[in-house]
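Student: Here it is, the structure, as structure tokens.
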Amino acid sequence: MTRGDQRERDRAKKLKEEASKGKKLTGSPQQRREADAKAVAEKQAAKAQARAEAEAKGEVASFDKKIQQRQANAQQKK
């Protein structure tokens, strides 16, 4: 039982679908690592800036509130 060129058509169709999704990785692994590291550094800088602004206002940043709540809950359980 042969399928003729059906396999070839299915492969072409699958390649076309994958290409339209845009999930292809661009650049070398080293370039992707560098880009990821840059994005993480930007997020950390933004979070540090938000924390500094909250401290300047005399408030506690939302992330720090969560940490304080976890510590309080851990002490209550002891």
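The values are calculated or read from the model by the stated rules, or taken from the named source; none is laboratory data. These numbers come from a predicted model, not from an experiment. With ligands, DNA and RNA removed, areas are computed over all heavy atoms of the protein, side chains included. Shrake-Rupley method; radii C 1.70, N 1.55, O 1.52, S 1.80 Å.
Student: Quick one: in the range 54-67, of everything that is open to solvent by less than 100 Å² (accessible area, probe 1.4 Å) and part of a helix (DSSP H, G or I), which residue is modelled with the highest pLDDT? Step through it out loud before you land on a result.
Tutor: Filtering the range 54-67 down to residues open to solvent by less than 100 Å² (accessible area, probe 1.4 Å) leaves 54, 56, 58, 60-64, 67.
When the remaining residues are screened for being part of a helix (DSSP H, G or I), the result is 54, 56, 62-64, 67.
On the way: Ala54: 81, Ala56: 84, Ser62: 69, Phe63: 67, Asp64: 73, Ile67: 78.
Only one residue fits best here, namely Ala56.
Student: How about the range 12-49: which of its residues are among the aliphatic types (A, V, I, L, M), open to solvent by 100 Å² or more (accessible area, probe 1.4 Å) and either part of a helix (DSSP H, G or I) or at pLDDT 90 or above (or both)?
Tutor: As a first pass, look at the range 12-49 and keep what is among the aliphatic types (A, V, I, L, M): 12, 15, 19, 25, 35, 37, 39-41, 45-46, 48.
Remaining after also requiring open to solvent by 100 Å² or more (accessible area, probe 1.4 Å): 15, 25.
Correct list: Leu15 only.
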